[in-house]
Amino acid sequence: MWDWFSDALRENPQIAIFLTLGIGFFIGKLHFKSIVLGSVTGTLLAGVIVGQVDVTIDPLIKSVAFIAFLFALGYNVGPQFFAGLRSDGLKQLALAVISCVVGLLGVYVVAQVLGYGVGWGAGLLAGGLTQSAVIGVASSAIEKLPGITPDQIATYESQIAVGYSVCYLVGTAAAAYFLSSVAPRLVGTKDLAEESAELERKLGTATSPDVAKAYYAIVRRTYRLTDSPLVGQTVADLEAEVSQHGHPIIVHRMRRDGAVSLVSPDTVLQVDDVVTVSTRRHDLVAEHPENFAVEVDDADLLDYQVETLPLVVTNKDVAGRTIGEVMAQYGPRIFVRSLTRAAIEVPWSDSTVLHLGDELEVQGAQEYVEAIVAHFGYAARTSDATDLSYVGIGITLGCLVGLPTMAIAGADIGLTTSGGALILGLLFGYLRSRRPTFGQFPPAANWLMSTGGLCLFVGIVGLVAAPSFVDGVKDKGLGLLVGGLVVTLFPMVTCLFLGKYVFKFSTPILLGIIAGANTTTAAIGAVTDRAKSQVPVIGYTVPYAVGNVLLTIWGSVIVALLA
């Protein structure tokens with residue numbers, strides 16, 4: 001039975017690929033406390049297991065998958081990458097660049113000390129700095145080294161896979177523990193949660209630890225007006241008076257003498273009018289509406305269309321202004337629910353400054369929501385369609401841009417087709433955020449190209465490297481463990497003190513910057529858990545975009561340095 005199965009995998013390598021993906025994503029879900037292996041590492045390990053039967057895979061499949069991944073990666077971080085070039089993000093960008101450069105220097109020094117060549121050095125970089133994309137970029141650069149043979153290429157690629165696997169596991173765990181538990185104390189922060197809470201209060205995003213998330217839910221109620229001072233006032237007067245107390249409400253519809261109608265700002269309120277009131281739950285409680293009205297159950301009055309819509313900021317007149325200022329001008333009768341930046345939800349307040357590419361989720365009566373879409377840029381409505389012409393042209397141009405090379409130290413060095421795809425992905429993602437009328441790339445399709453493409457690539461790397469994987473671990477395992485730990489912590493420690501004492505970042509924001517620059521998702525999760533706050537995420541987005549770009553490019557650079 002086993003012979004039949006192994007023969008089936010060798011004769012039909014497509015079966016081995018899908019088996020690797022299936023096992024890999026299952027392994028990726030396994031976790032220890034806050035540390036999760038992740039689908040990429042899981043798929044690589046699965047490839048090593050399945051590949052013990054010695055499967056031969058066409059390298060073209062691996063190349064296509066990796067190029068697709070890099071374009072999608074660039075597309076995702078493009079808006080935030082270019083946003084970081086503005087003055088308000090330059091400090092974060094500068095520290096992220098320093099982190100990446102120090103990380104590259106650390107890899108080079110450790111590789112020299114341990115006597116590593118291009119294969120082990122690239123694996124050390126990919127795993128120690130937790131950037132999976134290095135695997136493909138370094139492999140492409142190795143293939144272009146002068147005089148290299150196919151057997152040498154296979155050996156180096158196997159070394160990259162082994163180095164990545166060992167160092168990634170160590171690097172992920174070390175980064176999460178160091179940033180969440182050790183780093184705060186090194187810069188004098190005894191209680192990260194308290195400092196994060198204080199920063200939340202300064203930013204106006206503080207939440208009460210004694211209430212559930214529903215505390216911020218937007219609620220709608222119907223009230224019958226009693227003989228109170230409100231009678232005889234206009235709707236505009238009522239909303240203005242309540243807003244002066246810091247608890248804004250919106251009156252949308254009313255029932256008078258049995259007839260339901262929309263209200264206008266100059267509608268005069270009468271005794272026994274039944275009105276809809278929309279507000280945040282805590283504002284409703286604080287305003288005590290029972291003092292001037294009686295709550296009633298009027299399902300018909302509340303039967304109107306409410307729309308929740310993410311608005312993407314592409315309008316220059318909105319970018320650079322605060323949420324409170326923009327909403328007061330364009331959407332005073334609409335509620336803000338959340339702010340997403342670079343695919344990560346970040347804390348916000350009325351004083352939060354909007355950036356190009358930000359996604360602001362708003363909610364309100366449909367006619368009000370639709371009326372403000374044009375002021376922000378465009379609405380990210382749910383759609384399954386993908387503009388494949390945009391994606392295909394972007395990848396084609398990227399590959400063409402990456403073809404030219406330059407002779408450096410006897411080696412032809414260039415962006416390579418994969419590096420070109422990353423650069424054009426950045427540009428096309430940025431262009432899409434500025435001109436959303438073309439280039440639609442919905443999350444599901446994007447995920448398939450980014451996560452799916454990367455996992456397909458590393459799965460094939462594992463399949464090809466499997467026969468020599470175990471021997472590689474036995475031979476270099478201890479050195480990789482120690483070297484990977486040094487590579488992971490060296491840029492983090494350096495930037496921790498630079499960020500605190502030179503750039504003057506607060507500790508929660510600084511930890512987010514370091515996690516982002518090193519592209520360690522597990523670390524930002526551990527930091528926010530320890531901080532009991534999402535405030536560190538504010539420092540994560542721009543450095544994450546920078547780190548993804550530079551660390552990926554370092555794959556070619558480390559090959560040139562060690563060749």
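Bear in mind these aren't lab numbers, they're just calculated from the coordinates by the rules spelled out. Because the structure is predicted, anything quoted here is derived from the model rather than measured. Cβ atoms come from the backbone with ideal geometry, glycine included; neighbour counts cover every protein chain shown.
A few points about this structure:
- Between the alpha-carbon centres of segment 313-385 and segment 512-553 there is a gap of 24 Å.
- Equivalent ellipsoid dimensions for segment 397-523 as semi-axes, Å, which come from the Cα gyration tensor, largest first: 29, 27, 19
- Sorted largest first, the principal axis extents computed over the alpha-carbon atoms of segment 266-316 equal 46, 26, 24 Å.
- Between segment 449-496 and segment 269-290, the alpha-carbon center distance in angstrom: 59
- Gyration tensor (alpha-carbon) shape descriptor, segment 307-379, a/c threshold 1.5: rounded
- Helices of the chain meeting both criteria, an alpha-carbon length of 24 angstrom or more along the long axis and an average Kyte-Doolittle score not below 1.0, with helices taken as full DSSP H segments, are 59-83, 90-114, 453-501, 541-562.
- When you count the other C-beta atoms within 10 angstrom of each residue and take the mean per peptide, 311-319, 117-125, 351-359 line up highest first as 117-125, 351-359, 311-319.
- Across segment 227-291, Cα-Cα pairs farther apart than 19 Å form 27% of the total.
- Hydrodynamic radius (Kirkwood) for segment 52-167, which is based on Cα pairs only, to one decimal in Å: 16.0
- Computed from the C-beta positions of Leu400 and Asp227 and an R0 of 60 Å, the FRET efficiency is 0.20 to the nearest 0.05.
- Residue ranges 131-140, 7-16 sort as 131-140, 7-16 when ordered by packing (mean number of other C-beta atoms within 10 Å per residue, highest first).
- Think of it as helices only: each DSSP H run of n ≥ 4 in the chain is worth -39500 (n - 2.57), and spread over all residues that comes to -19000 deg cm²/dmol at 222 nm.
- Placing one equal scatterer on every Cα of the chain and applying the Debye formula, the log10 ratio I(q)/I(0) at q = 0.10, 0.12 Å⁻¹ is -0.87, -1.13.
- Checking the Cα-Cα distances for Lys29/Lys532; Lys202/Lys504; Lys190/Lys532; Lys202/Lys500 against a 22 Å cut-off, the pairs over it are Lys29/Lys532.
- Using a Förster distance of 25 Å, the FRET efficiency for Leu186-Leu105 (Cβ separation, nearest 0.05): 0.75
- Candidate aspartates and glutamates - alpha carbon under 19 Å from Lys474, same-chain residues fewer than 8 apart omitted: Glu157
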